[in-house]
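Below is one structure, written out as structure tokens; comments come after it.
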Amino acid sequence: MDINALTEEEWDELFGDGASTIPDDDGTNGSSRSKRVPLWAKAAAVLASAAMILSAVPGLVQWVREIGAIKDPIEIVAQAEKYVQTSEFGWLVSEVQIASLGEPNIAAYVLRNPADGVIILDDRAWQVDDLNETMAHEIGHLLDFAVWPGGQGNLRGGLESEAWAECAAVDAGERRLDGSRDNDEYRCRPDELEIFQAEMAAARRAGICRPWDEPECR
């Protein structure tokens, strides 16, 4: 909405009287003279109105986020399996399952000890892009388990497991590269992506082996 394009009547209807009454010299009410409202005041009023709407309707944001989302568990798994088929390392995935994980910050996980190649997704409503990003990250963990079987800590060329999985998602084109100052464990900084790509080049030459499901090396 262009707040500068509002007429006096529209502004008054939305945000109150936009004019000021100036008293005459004798102290009586004089004529109503138009008083120009600054742009910053208009913007502040619009933002305040939006904030009131959002606070009054707490489910609005969640409703907007779910527009176009996949909600049916069968369709979620079908979309995830579709991503598996197009992923370079999708052959590491033995199965995709869905479950209620009960934790908003956990979208999916894979087992490690022992690893079985199964990706478990939360039964939330998924946007396709978010689902693809998550699948790329979890496939990155399976790649970690295949390249560094039993690996811990710095055995991944200096990368922790989450950084490795994030770099796998970045390398697959599903997630962005993080800045050099980002320090969250779920990150892939430029130097970490360089390490990942170097380790993957060596792993490809040696052959990557899947120890679960039907063992296979490529």
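Only one entry of 130, 144, 116 meets the criterion of being buried (at least 17 other Cβ atoms within 10 Å of the Cβ) and among the charged types (D, E, K, R), and that entry is 144. Hey, does segment 133-141 have a residue that's in contact with a Phe, Trp or Tyr (Cβ under 9 Å, 6 or more places away or on another chain) and surrounded by fewer than 18 Cβ atoms within 10 Å (Cβ to Cβ)? Within segment 133-141 (the criterion being in contact with a Phe, Trp or Tyr (Cβ under 9 Å, 6 or more places away or on another chain) and surrounded by fewer than 18 Cβ atoms within 10 Å (Cβ to Cβ)), the answer is no, since none of the residues qualifies. For segment 166-215, what are the residues that are in contact (Cβ under 8 Å) with a residue 12 or more places away in the chain and over 24 Å from residue 134 (Cβ atoms)? Once the filter is applied, which keeps residues that are in contact (Cβ under 8 Å) with a residue 12 or more places away in the chain and over 24 Å from residue 134 (Cβ atoms), segment 166-215 yields 198, 209.
Residue under question is residue 109, and the condition is that it be surrounded by 16 or more Cβ atoms within 10 Å (Cβ to Cβ) and out of contact with any helix residue (DSSP H, G or I) (no Cβ under 6 Å at 6 or more places or on another chain); does it hold? Write out each step before concluding.
On the way: surrounded by 16 or more Cβ atoms within 10 Å (Cβ to Cβ): yes; out of contact with any helix residue (DSSP H, G or I) (no Cβ under 6 Å at 6 or more places or on another chain): yes.
So residue 109 fits the description; yes.
Considering 104, 114, which residue is in a loop (DSSP other than H, G, I, E, B) and farther than 27 Å from residue 177 by Cβ? Answer to the selection: 114.
Might you check whether a residue that is under 25 Å from residue 72 (Cα atoms), among the charged types (D, E, K, R) and part of a loop (DSSP other than H, G, I, E, B) occurs anywhere in segment 181-191?
To start, the set of residues in segment 181-191 that are under 25 Å from residue 72 (Cα atoms) comprises none.
Within segment 181-191 (the criterion being under 25 Å from residue 72 (Cα atoms), among the charged types (D, E, K, R) and part of a loop (DSSP other than H, G, I, E, B)), the answer is no, since none of the residues qualifies.
Residue-level check: of (1) closer than 21 Å to residue 188 by Cα; (2) at pLDDT 95 or above; (3) loosely packed, with under 15 Cβ neighbours inside 10 Å, residue 95 misses just (1). Every condition in (1) farther than 22 Å from residue 98 by Cβ; (2) surrounded by fewer than 16 Cβ atoms within 10 Å (Cβ to Cβ) is met by residue 213 except one, and the failing one is (1).
The values are calculated or read from the model by the stated rules, or taken from the named source; none is laboratory data. This structure is a prediction, so every number in the text was calculated from the model and none was measured. Positions of Cβ are generated from backbone atoms using ideal geometry, with glycine treated the same way; all protein chains shown enter the neighbour counts.
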